[in-house]
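Accompanying notes for the structure given below.
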Amino acid sequence: MRWRDSRRSSNVEDRRGMPVGRAAIGGGGALIVLLLALLFGADPAQLLQQLQATGIGSSTSTGGEAAPPQDEMAEFVAVVLAETEDVWTAQFEQMGQRYQAPRLVIFDGQVQSACGMASAAMGPFYCPSDQQVYIDLSFYRLLRERLGAPGDFAQAYVIAHEVGHHVQHQLGITDQVHAARGRVSETEYNALSVKLELQADFFAGVWAHHAQRTKGLLEPGDIEEAMVAAESIGDDKLQRESQGHVVPDAFTHGTSAQRQRWFMLGYETGDMRRGDTFRAERL
């Protein structure tokens, strides 16, 4: 991925090393919790609460008022976010709308968001309440070492997917899905969650399409890196590895093939109109 000479977004907040005012799961413990959640289909937030209640794996977060650290990975994240800003600003203008770029928060261990206290154990996430993307960069080590998805474009795909959730929020899609919670069965809501996640994958592909068309951002092998990442975090693959069989009703993000398919559809077409996963005959 060609990124080193590109613009850095000013919408990145680096909170690494800053106190959060309560006990936090350490970096290694967070990776273990996230891996367990991925493999066993558990809610990582619930696992985190259980660990904190018993004091397992926690450490007190301390720190002073020093400026947040700057490093190459933080710069990379800032470049990817800037590239999403450029693409989605143009796409929203074509729709006659104004794109409001999200803020991206880098943290380590634990962070306070408008959606509540969150941990690295939850993985990268988007909080619609404050319209911010949160990521502990240790997730990239998990992606590379435990899930077998190395490469800088695999890392960019993760950010683009979360920004895709921000696009959904701005278009009102997220609120429509969340409004169904409690009014439909758990299986039906899981199905809606899968469609929401697959659409975020599609939007990540749309971003890659236009970033390549306008700036030649991609290098040979980049799309393959995204495909490996999408394959490594498919619900079916994670369930099969953890329990030896697949339970489709428990899917919340989609199969490996579905995640790859929708990313590639976005990348190949670059057409927002092709990404209505909620009405698609085939996921």
The condition of being touching a helix residue (DSSP H, G or I) at 6+ places or on another chain (Cβ under 7 Å), without any contact (Cβ under 8 Å) to a residue 40 or more places away in the chain and within 22 Å of LEU171 (Cα to Cα) holds, among ALA211, ALA204, ALA200, only for ALA200
Subset of the stretch 261-277 [under 17 Å from LEU196 (Cβ atoms) and surrounded by 15 or more Cβ atoms within 10 Å (Cβ to Cβ)]: ARG261, TRP262, PHE263, LEU265, GLY266, MET272, ARG274, GLY275, THR277
Can you tell me which residues in the stretch 112-159 are in contact with a Phe, Trp or Tyr (Cβ under 9 Å, 6 or more places away or on another chain), aromatic (Phe, Trp, Tyr) and not in a strand (DSSP E or B)? TYR157
Is it true that some residue in the stretch 172-191 is surrounded by 18 or more Cβ atoms within 10 Å (Cβ to Cβ), under 30 Å from ARG7 (Cβ atoms), in contact with a His (Cβ under 8 Å, 6 or more places away or on another chain) and modelled with pLDDT under 95? no
Out of ALA257, ALA229, report the one residue that is modelled with pLDDT under 95, part of a helix (DSSP H, G or I), surrounded by 20 or more Cβ atoms within 10 Å (Cβ to Cβ) and not acidic (Asp, Glu). ALA229
Restricting to the stretch 205-246, count the residues that are touching an Asp or Glu at 6+ places or on another chain (Cβ under 9 Å) and among the aliphatic types (A, V, I, L, M). 6
So GLY221 clears everything in (1) on the phi < 0 side of the Ramachandran plot; (2) in contact (Cβ under 8 Å) with a residue 60 or more places away in the chain; (3) surrounded by fewer than 17 Cβ atoms within 10 Å (Cβ to Cβ) except one condition, right? Which one? (1)
Going by the structure shown, is ARG240 of a type in the set (D, E, K, R), over 30 Å from MET95 (Cα atoms), modelled with pLDDT under 95 and surrounded by fewer than 24 Cβ atoms within 10 Å (Cβ to Cβ)? yes
Single match in ALA74, ALA78 (criterion: touching a strand residue (DSSP E or B) at 6+ places or on another chain (Cβ under 7 Å), among the small types (Gly, Ala, Ser), closer than 21 Å to GLY205 by Cα and modelled with pLDDT of 90 or more): ALA78
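Yes/no matrix, rows are residues, columns are (1) more than 19 Å from the chain's Cα centre (by Cα); (2) over 19 Å from ASP86 (Cα atoms); (3) assigned to a helix (DSSP H, G or I); (4) β-branched (Val, Ile, Thr):
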position	(1), (2), (3), (4)
ALA211	no, no, yes, no
LEU218	yes, no, no, no
ILE223	no, yes, yes, yes
ASP236	no, yes, yes, no
GLU241	yes, yes, yes, no
ALA280	yes, yes, no, no
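The values are calculated or read from the model by the stated rules, or taken from the named source; none is laboratory data. All values reported here derive from a predicted model rather than from experimental measurement. Glycine gets a Cβ as well: all are built from the backbone with ideal geometry, and neighbour counts include every protein chain shown.
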